[in-house]
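Values quoted throughout were computed directly from the atomic coordinates according to the rules given, and no laboratory measurement underlies them. Just so it is clear, the model here is predicted, and its values are computed rather than measured. Because the Cβ atoms are built from the backbone with ideal geometry, glycine has one as well, and the counts that use them run over all protein chains shown.
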There are 2 protein chains.
Amino acid sequence: MLNSRDLAILDILQRDSETPLAEVGARVHLSPSACSRRIAHLREAGYIKRNVAVIDRAKVGLPTTVFVTVSARTHSAAWTEQFRQAVAQIPEVMEVYRLTGSIDYLLRIVLPSVDDYDRVYKALVARIEMNVVCASIVMETVKSAESLPLHHAG
Amino acid sequence: MLNSRDLAILDILQRDSETPLAEVGARVHLSPSACSRRIAHLREAGYIKRNVAVIDRAKVGLPTTVFVTVSARTHSAAWTEQFRQAVAQIPEVMEVYRLTGSIDYLLRIVLPSVDDYDRVYKALVARIEMNVVCASIVMETVKSAESLPLHHAG
DNA sequence: AGTGAAAACGTGCGTAC
DNA sequence: GTACGCACGTTTTCACT
């Protein structure tokens, strides 16, 4: 289980994983060595999965996001599995969610430009029969939090 | 500008920012010290924004995701700015995108449970008048890439 | 069991070649 | 680009509560 101090440590590390233990310790009122042990425990227990570099999408030539809503042709287990494999194979498809309601799936696709969507669309429909309900291009990212609301966790 | 070696380094670091320089060097056929210089440059130039810990959402008590589609009451600059501030103030609202098409905005909301959605919904409508078109609960995360398709970048 | 002080360790960085 | 050495931060040990 997690106490409030563990949550505070996680909150620091999800914003900057390179924060020196001395600073982490100062912020949660703990010694650096104690922080080191806590973090090691949080890793082993799976609360921290790994550390990653956050890359500027626009700067590396991937400024465009397209959201695609899809409904299944059939709801058979075979179709579902084939769909799962299709989206797994296409790296531009970064996230796929199965939703409640009339729309079955939501896909987030990351691309160099809107022109590339056609390529990804064709790659998708070549692998699996599906009804693309709608494709919406992201005009503006109004908010992008990148850190979990840990203070509001259960 | 970025060459293919820089992209390879970014690809390694976006998967695991703790990869030792010796291993990064081995994978891109470069000495550790040369890697160190490249990475420092990638940071200064803003390609790498920062390093963060990836936290297991379910384990910290935030397993639920809700996607909400919103259309604007009016399209005035004042409404837009007020909407921007409203979503900025609510930490559970992690991402907000302005989209093409009839739906104006897409919100990704992260919560302890579906029951908490009512609380966030009320917090939103208390701050800004808007038409919530639809709220869909994520039943299953079919794919979650967490790393950019750098090999397909422009 | 969990803490803090201090010593040992390892990695990354700067200088020299 | 390689080799060395220093410096820093992290990790471990240990005494203690």
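Structural remarks
- If only residues of segment B:87-120 that are of a type in the set (A, V, I, L, M, F, W, C), closer than 29 Å to A:Val114 by Cα and more than 8 Å from chain A (Cβ to nearest Cβ) are counted, the one that is surrounded by the fewest Cβ atoms within 10 Å (Cβ to Cβ) is B:Leu107.
- Looking only at residues in segment B:1-48 that are of a type in the set (Val, Ile, Thr) and more than 14 Å from DNA strand D (Cβ to nearest atom), the one that is nearest to A:Ala145 (Cα to Cα) is B:Ile48.
- Scope segment A:67-82; condition within 8 Å of chain B (Cβ to nearest Cβ) and either over 17 Å from A:Cys134 (Cα atoms) or in contact with a His (Cβ under 9 Å, 6 or more places away or on another chain) (or both); matching residues: none
- Within segment B:11-50, the set of residues being within 12 Å of chain A (Cβ to nearest Cβ) and touching a helix residue (DSSP H, G or I) at 6+ places or on another chain (Cβ under 6 Å) comprises B:Asp11, B:Ile12, B:Thr19, B:Val24, B:Ile48.
- The numbered conditions (1) of a type in the set (S, T, N, Q); (2) away from DNA strand D (no atom under 16 Å from the Cβ); (3) out of contact with any Ser or Thr (no Cβ under 6 Å at 6 or more places or on another chain) are all true for B:Thr64 except (3).
- Of the criteria (1) within 16 Å of DNA strand D (Cβ to nearest atom); (2) over 16 Å from the mean Cα position of the chain (by Cα), which one B:Asn51 fails: (2)
- If the condition is being surrounded by 14 or more Cβ atoms within 10 Å (Cβ to Cβ) and more than 7 Å from every other protein chain (Cβ to nearest Cβ), then segment A:51-63 contributes only A:Pro63.
- When residues of segment A:103-154 are limited to those that are outside any helix (DSSP H, G or I) and among the basic types (Lys, Arg), the one farthest from the chain's Cα centre (by Cα): A:Lys143
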